[in-house]
Each structure stands twice: as C-alpha cells, then as structure tokens.
Amino acid sequence: MDGMSLLTITVLAVFVGFEVVSKVSSTLHTPLMSGANAIHGIILVGAIIVTGQATDPWMLAVALLAVVLATANLVGGFVVTDRMLHMFHARKQVAGKEAGTKAMPGEVDGR
Amino acid sequence: MSLLNPVWTSLLYLAAAVFFILALRGLSSPRTARRGNLIGALGALIAVVTVFLSSRLENIPWILGAIAVGTVVAAPVARRVKMTQMPQLVALFNGVGGGAAALVALLELNHADDPWVRLAIVFTLLVGAVSFAGSGVTFAKLQELMTTRPVVFRGLPAVMAAVLLAAVAAGVAVIMTGSAALAVLLLVLGLAAGVLLVLPVGGADVPIVISLLNAFTGLAVAASGVVLGNVLLVVAGTLVGASGTILTRAMAAAMGRSVSGILFGAFRGGSTAGSTAVSERPVRSSSAEDVAVLLGYAQRVIIVPGYGLAVAQGQHTAAELAQALEARGIDVDFAIHPVAGRMPGHMNVLLAEANVPYESLKEMGEINPEFKTADVALVVGANDVVNPAAKTSSGSPIYGMPILEVADARQVVFLKRSMRPGFAGIENDLLYEPQTSLLFGDAKDSLAQVLGAVKTL
C-alpha cells in the first residue's frame, strides 16, 4: 500500500477514534480503557507474521516471545473487560428484583 | 500455501476493523458495553484466523504453541483476579502489548531499507518500550510493591532529558544505518524513559497514566502496521491511540487535573510529594456501640465507601448494615465518588459485585447537596475523595479534584485502619474536626461490630 493511502486511513481512524468515545460516562471509564487495551492486542497478527518469517533460532525466540505477550494482551484484555461488565449486568438485574419488577430480557443472558 | 487471495484477505481485515469500531462505540454506553466487548473479541478472532489463512508462514506449530502459552497464562489470571486488583492487571496487559509491538518492530529491521519504514520502526521501538516499562512501574505502584507516592530525585529532569536526547540520537542512527545493535540500544533507552516517566507520578494519578500508556501502545501498534504494511494494525492501533487520548483527558477532567500536571507536577515543587508524617493533633475515637447509637437514631445516613472497604471485602456487611438501618426507618444512600477505588468507575464495579442495589448508589453531583440534610456521613475506608484540602489547599496534590462534601453532614464517622494517610499520601484535616469521630480497625470487622450493635438497639 502506498504512503498516501496509509496516511488517509490513519487520519480517518483518528477522527473515528475521537468520535466513538467522545461522550463516555465516568462509570464506564475503566471498562472502556480495558476494552481499548484488549483491541491493541491485535498486534498478535503482526507477531504471527514476523514469527512466520523468522529463520534463525534467535529471531524465532524473540518472535515467539512477542506472540506470547501479544496473546496475553489480547485474550486477557477481553476476558477481564467482560468480567467487569458482567458486574454491571448483575447490578441491573438485582435492581430489577429489588424493585419488584422483571428484569429486561436482555439483562438475564449469560447467567 | 495460502488459502485466501489478497482480496478476501483485505475484506476480512476490513470486517475486523469495523468490528473494532463497533466495539469501542458499544463500550461507551452502559446498555451495549458487554456486547461491544464481545464484538471486539470476535473481530480479533477473525483477524487471527485470516493471518493464518492468507500468509505464507513457517514455524506454524511454534506459533500455535506460543498462542497456547499466552492464553494459558493470561486467561486464568484474568478470570480469577480480585476486582480490587483489576487496575494493575489492566496495566500489565497494556504493558505486554507495548512490549510485543517493540519486539515485532525490532525483528522487522532486517527487511526495512526504506527510511520511512525505518522511522516507523524507531517510533514503535521507543513508544512500545516506554509503554512496557511505564506500565511495569504503574503495576508495581498499584500492587504496592513500591511506594505509591511520587518518586523524585535530584537531577531527575536532567537524567530524563539525557535519556531522551540519547534516544533521539540512537533513533536517527538506526534510520541511517539499520543497525540491529543500535536498535537494541534504543529499546533499552525506551525502557529507561518509561520508568523515569512514571516514577514521579503520585498514587491517585496512576490510573490516568495507565490510560495514557494505553494510548501509547495503540500508537506503537499503528506504527508497526505501517512497518508490516498491514492496514488492520494501522486502523486498530490508531483507534486505540485516539480514543485512549480522549479517555485520558476525560479521566483527568473527572479529577480536576491536567495531564501535564499529572506527569510533571512533581518536578515543580516539594509540596506535591505528600507527607508521610502523622500529625500529633488529637482525634476523637469512638466505639462500635457509640457509632451504632449515632446511626440508629439518625433520620438520614449517607455511607461513603472507599478502597479500604473493598480491600477488606466489607461490601456485603455494608449492604447488610444499610438494610438494618432501613428496617428502622432510616433513609440510607451510598455516595459514589467517580474515582473512588483505584480508577474511575471502579467502585461501581466493586459494589455491584456485592449486590448493593443500584438505586442506592448515588453519583457525586446528585448526593453532594444532600450531605447538608444528613445526620451522619459514614466514611468507610475512603480518605482522599472526602478531603477538603482538594478545595482549600492549593499546594495539595489533590487540589482541584471534586470531592464528596461529607464535611456538610452533622456528624462524620470515619472507619479507618489507622491514621496513615490515604493513597495520595496527604493528611485529611476533616479527621480532627469536632463533629468527626473515628472507629479504628479493619473495615469489615468494624462494620460487623456496628451492625451487631445496631441490631441490639
């Protein structure tokens, strides 16, 4: 891909990034940070590519270390975010019960 | 062999990029957050499957083995970590992501003859290393492996400047020569810069720095995408870099701080270093029975939970106490400061885990005017978020942070372990006021004693 296209994509991605999280409530700061954290674990794709090209043992070792680190970032990040958000779910459900009302259908999944 | 042609490869990467955008959008609203996270995970899965099907890869068994190792290490930790330790785990995962980006860039130096590509490599190496080392220090601070107070030594700005100058010089040399040895030197300088950047940051500001380093890792990943010519990495990394920057600013604003003040505030004067000395002034300590009488004959009680409550696992006892008081016809609410706990929104997660009813949790803006009408404000394991110094003392490291105005309540009761200052390392004058009494001990034990005494009233 030529440099100009990459630059275009990068600039557009900056604006999309600014837009999608511009109005986030403080309650969600922690899960959002953790979720964004998980997304940059996609460096795993890059780590797989360099490992697939590695020829000498030293490079292979370094590349495999990168794969392990990137996997930890990716998998751990999504799991930990999901656990945090699960707590928010549980809270709504309890609130529904306490108020004597039925929980909304979408709020009882995953239990 | 590759099973996918380039068009299908690009389309699948595009799909993954769209999933990441949907994930971030979902994560910024409570109703869609969990679905958003799952969409993000699905996007990642698509991308990883795509790279296996589209590239000519050697060492596939090794790669699969390394992915298995990473999963086996991270998933159980992520599943089992206590909710109170969540922030340091987020820091750790962020750091390893930055480290992975730096290593990928290092390995790509072999194939890079174009100076622009080498520039991207230099950027990834430096920023990835800063994020890795900086996150390591934030982890150590939050895990209390080291002091949570700002660490400043004489000459720190000079050392920092020297490291950055050396890094720029090494970076220019790497771009010109493509030398692997110099790239490793650059990596080491980046690690040193990361440590030096985070050492002077004080306890309460650490979560904001995690968010900033998160944005850094995003940028490093985007630059590694330029190096590899992979559009998905460019888009995903840039998204995280941009959204992380916005998030960092929003979190800093929630604490009434500026990002530069957080990073460099400790350089400016000694006052931000906080105090360790415990004052000799007298305080009024009371017994669980006294507190129970105070609570049991009040009309309105506001409970202010803090990190100390969470650490002691006292949420359930606090919820029980609230129920017992409500059974006596007393109006009880929980006042939640946006940065109570260790991170913005952390306390909501912790109390939700303890099944505290949602409608009892009041946000700061809502509850602050109500403290005037409260007979008792019961502060359990919180300190910095109720410290009036945030409003009155311009030299204080928490100056400008919005606080819960418990001082307005007729009586204030602190449940504290000791007189040791809170996370920000500063004393709370409210402890010495005449309307304040203190009940020393573990938050959970104290709450249980108070609960028992309330029941016998």
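The values are calculated or read from the model by the stated rules, or taken from the named source; none is laboratory data. For clarity, every value in this text was computed on a predicted model and none was experimentally measured. We place every Cβ from the backbone using ideal geometry, glycine too, and count neighbours over all the protein chains shown. Just the protein is used for accessible areas: all its heavy atoms, side chains included, with ligands, DNA and RNA removed. Shrake-Rupley method; radii C 1.70, N 1.55, O 1.52, S 1.80 Å.
Which residues make up the longest stretch of chain B clear of GluC sites (Glu not before Pro) that lie in a DSSP loop with no more than 11 other Cβ atoms within 10 Å, not counting the sites? Walk me through the intermediate numbers first.
On the way: sites that count: B:Glu144, B:Glu280.
The answer is B:281-457.
With respect to the cross-link table entries A:Lys23/B:Lys444; B:Lys82/B:Lys416; B:Lys141/B:Lys372; B:Lys82/B:Lys444; B:Lys141/B:Lys444, which display a Cα-Cα separation exceeding 27 Å? Can you show the working numbers first?
Details: A:Lys23/B:Lys444 36 Å; B:Lys82/B:Lys416 22 Å; B:Lys141/B:Lys372 36 Å; B:Lys82/B:Lys444 17 Å; B:Lys141/B:Lys444 24 Å.
Violating the 27 Å limit, Cα to Cα: A:Lys23/B:Lys444; B:Lys141/B:Lys372.
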Would you mind putting B:6-15, B:390-399 in packing order, based on average other-beta-carbon counts within 10 Å, highest first?
B:390-399, B:6-15
B:Val195 and B:Ser258 label points (each 7 Å along its Cα→Cβ direction) are spaced in nm at 3.0 nm
For every other residue with a beta carbon closer than 12 angstrom to the beta carbon of A:Thr30, add +1 if it is Lys or Arg and -1 if Asp or Glu, then tell me the sum.
+2
Alpha carbon centre of the range B:282-353 versus the range B:216-270: separation in Å?
35 Å
Which helices count as membrane-span-like in chain B under these terms: full DSSP H, at least 27 Å along the axis by C-alpha, Kyte-Doolittle mean of 1.6 or more?
B:6-27, B:156-177, B:180-198, B:206-228, B:231-254
To the nearest hundred square angstrom, how large is the accessible surface buried between A and B, total for both chains, probe 1.4 angstrom?
7800 Å²
Ordering A:His29, B:His111, A:His86 by how much accessible area each has at a 1.4 Å probe, largest first, what is the list?
B:His111, A:His86, A:His29
Rounded accessible area per residue of the range A:1-76, 1.4 Å, Å²:
37 Å²
Leaving out ligands, DNA and RNA but keeping every protein chain, what accessible area does B:Phe334 have, in Å² rounded to the nearest 10, with a 1.4 Å probe?
10 Å²
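Taking all protein chains as present, what is the carbon and sulfur share of the accessible area of the protein assembly as shown, in % to the nearest whole number, probe 1.4 Å?
Details: 14490 of 22610 Å².
Looking at the protein assembly as shown in its full context, I get 64 percent from C and S.
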Collect residues whose amide H, placed 1.01 Å from N in the peptide plane, falls under 5 Å from the amide H of B:Val412; neighbours closer than 5 in sequence don't count.
B:Ala377, B:Thr436, B:Ser437
Leaving out same-chain residues fewer than 8 places away, which aspartates and glutamates sit with a Cα under 18 Å from that of B:Lys455?
B:Glu289, B:Asp290, B:Glu320, B:Glu326, B:Asp331, B:Asp445
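Which percent, to the nearest 5, of DSSP beta bridges fully inside the protein assembly as shown are antiparallel?
Numbers: 0 of 23 bridges.
In the protein assembly as shown, DSSP labels about 0 percent of beta bridges as antiparallel.
Out of the trypsin sites (Lys or Arg not before Pro) in the range B:5-73, which ones are loop residues according to DSSP with at most 11 other C-beta atoms within 10 Å?
Working: sites: B:Arg25, B:Arg31, B:Arg34, B:Arg35, B:Arg56; in loops: B:Arg31, B:Arg56.
Within the range B:5-73, the qualifying trypsin sites (Lys or Arg not before Pro) (loop, at most 11 other Cβ atoms within 10 Å) are B:Arg56.
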Compute the signed sum of charges (Lys and Arg +1, Asp and Glu -1) over the other residues within less than 14 Å, Cβ to Cβ, of B:Ser437.
-1
